[in-house]
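Read the structure below first, then the notes.
Here, each number is a calculation from the coordinates, and none is a lab measurement. The structure presented is a predicted model; accordingly, all values stated were derived computationally and were not measured. A quick note on method: Cβ atoms are made from the backbone with ideal geometry, for glycine too, and the neighbour counts reach across all protein chains shown.
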């Protein structure tokens, strides 16, 4: 009999996110999947599902954090086949789509419409089930808490209503060129069926005080993307271990939620790991965030091939500002992720680095 375990696998999702989380004990393994990467990274994402035992394909939660293509395209491709051919059995699917948003006045983009059409036709009963099929949003009076089967506790940190309202304006502007109407899922379905990129062949049936002045100047934490502002982010806790899964969330929202979790006089929030927001962009990291947490592991999901993430200043800020000796985890070896490897091996470095084995992509962290 083994004790509880909590692991995070950063799949090789190119410049995007595709996270495979497992938790449980010696008797049962349970799973959470967060995002699916861009379409050109889909083969590795799909393979992870095909590796599941045929008698255990259950996934407790599938989270699509927001509508950016480097997070959502792989999910659309995965769900495009008939439900009977899905390589997994989802218990709940989190995604903020238009028809949830009458009260929040938001949505997001062409891919958001595609995914909404798929979920409506294929998984309407599971869509945002933990939130009574309504919008996933931080309440002004409380931070929503969801308990998954097996005891995994999730505390929602983002988005808030303000970010969702801004998302609607951006969505309506962007959707016009595709000649769709907001929330027209039948129209979105027809467009999806005609979009060959989602169905090859005939497969589709449808310590902060140490930060230098230079780093502080660079870490503005101001991300202008409304899509990123609508990103779902949460704290996951299981078996005495914890991780902040931040998607591409804005620091202003995340920090406001973290402050609500802190107990007066108890200091920063202690977590084992942080999946860094927006692949380690300096626009999604602030001194305030580093002051609010005490973490051991910092996870960067990117190969840097499109936006050159992680930003050097963001990684340096984590090294300088972490309260504990930080371990930096990267799911690729690339010119954008390896500059810190040699320094981490020097005596007294104060931090360590972890990379995939030579010739491999993706990495797994056991908390």
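What is the distance, in nm, between label points placed 7 Å from the Cα along the Cα-to-Cβ direction at residue 346 and at residue 40? Placing both labels 7 Å along Cα→Cβ, they lie 3.6 nm apart.
Gain on full extension, evaluated as 0.36 nm per residue between residue 50 and residue 143 minus their Cα-Cα distance, stands at 30.0 nm.
Here residue 58 and residue 334 are evaluated by their C-beta separation; at R0 = 25 Å the FRET efficiency comes out at 0.15. Direction-averaged projected area, Cα convex hull, region 234-367: 8.4 nm², rounded to one decimal.
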